[in-house]
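The values are calculated or read from the model by the stated rules, or taken from the named source; none is laboratory data. All of these numbers come straight from a predicted model, not from anything done at the bench. All Cβ positions, even for glycine, are placed from backbone atoms using ideal geometry, and neighbour counts span all protein chains on display.
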Amino acid sequence: NIGIDCNDNVAAINPGHAEVLYNGVDDNCDGQLDEGFQITTTVQPSQCGTTLNQMNSLISAVSTPGATGYRFEVTNTTTNAVQTLVRGVQYFSLNMLSSYDYATTYSIRVELQKNGIWLGYYGAPCLVSSPAVLAPGGAAQVSPSQCGITLPSISTLISTTSLAGVSSYRFRVTNVTDATAPNQVQIIDRPLQWFNMTMLTTYNYGTTYLIEVAVKTNGVYSNFGSPCAITTPAVPSITNCGATITTPATFVYTTSLAKVTSYRFELTNLITNLFYLQRCVRDHLAGIRKAGRSEGRNNCNRIYSGGISKPICGEFCHQCENLDGKPDQCEGLRYDRKIA
């Protein structure tokens, strides 16, 4: 019977043997088990084709009398990865699997156990989707209360919804308005559902950023959810705006801002239309003569006239620093006279 008998090691299994029901064996070697008398079950019809509200929502099979166990075969329809889960009851949840993802559709079949014996065949498949966190208005996005706002401070927390089972949140931050870094994209991964701008490699005041969120459970990161625009605090103006400067030594200053490493001031003579730039490193005070007297090489003051730029220094300055960080020799022009 070699090549015909499907199990030569067991005499009771051969093409002429009668099929014994529910023993988990193809007794008559016809490729089927319990033909004509199969007992099957499926996921509840009311759940087929639906999207779960929570990752831990129960997915239930139709309860079958006499069943002593339920084996759920769960196939990720995106990756075709198959997992099985054995249960003594007719329900399970996706977060019981060794790998599960949000915004994913799964095909689920159920095999029954009767009298401690697995029957060897599954019922019809049913499609069930995990929570649609990537859909417009879904949970994988910056909190709606923050979308479209200007942050009160550069360190304000930017958050998304905390989701059950998520082990990491990925924030994609795109600069959409700062000309010094047009369309720059930065990504930060966090074990918590929030971050702030100071955690990025580069960030600036008065800039709008597009922020998107992806999540990871114990698998891979999902795609990104709906984008959200957030603007960092505005660049401040001069504090004593509109005032009359009584002496050349009077400080002209702006607000001291967190994390700022350098301030650049532009002064325009409204009579001659010449304008001057002054950079104060780590100091928000822009005393008119301060750069020349006390800051030395740490500041650069330049006059722009007819498209030509020249370094200008105070009477105590011997060398000043260009805005590109390279030192220039002073040309002997008195900064205080030019401003005056």
Check: Does segment 168-175 include one or more residues that are of a type outside the set (Ser, Thr, Tyr), outside the structural domain of residue 58 (by TED's automatic domain parsing), outside any strand (DSSP E or B) and within 17 Å of residue 224 (Cβ to Cβ)?
Finding: no
Next item on the list: Go through (1) in contact with a strand residue (DSSP E or B) (Cβ under 8 Å, 6 or more places away or on another chain); (2) surrounded by 13 or more Cβ atoms within 10 Å (Cβ to Cβ); (3) part of a loop (DSSP other than H, G, I, E, B) one by one and return the number of the condition residue 153 breaks.
Entry: (1)
Checklist line | Output for segment 75-110, where each listed residue is modelled with pLDDT under 95 and of a type in the set (D, E, K, R) | finding: 101
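A quick yes/no check of all residues on (1) of a type in the set (A, V, I, L, M); (2) in contact with an Asp or Glu (Cβ under 8 Å, 6 or more places away or on another chain); (3) under 30 Å from residue 21 (Cα atoms):
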| position | (1), (2), (3) |
| --- | --- |
| 39 | yes, no, yes |
| 44 | no, no, yes |
| 52 | yes, no, no |
| 59 | yes, no, yes |
| 63 | no, no, yes |
| 99 | no, no, no |
| 102 | no, no, no |
| 109 | no, yes, yes |
| 124 | yes, no, yes |
Next item on the list: Please list, ordered by first then second residue, the pairs with beta carbon atoms under 6 Å, 6 or more apart or interchain, first in segment 37-65 and among the small types (Gly, Ala, Ser), second outside any loop (DSSP other than H, G, I, E, B).
Entry: 49/127; 60/91; 61/41; 61/43; 61/70; 61/110
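Conditions (1) surrounded by 16 or more Cβ atoms within 10 Å (Cβ to Cβ); (2) part of a strand (DSSP E or B), marked per residue:
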{"site": "98", "(1), (2)": "no, no"}
{"site": "102", "(1), (2)": "yes, no"}
{"site": "109", "(1), (2)": "yes, yes"}
{"site": "113", "(1), (2)": "yes, yes"}
{"site": "119", "(1), (2)": "yes, yes"}
{"site": "124", "(1), (2)": "no, no"}
{"site": "133", "(1), (2)": "yes, no"}
{"site": "136", "(1), (2)": "no, no"}
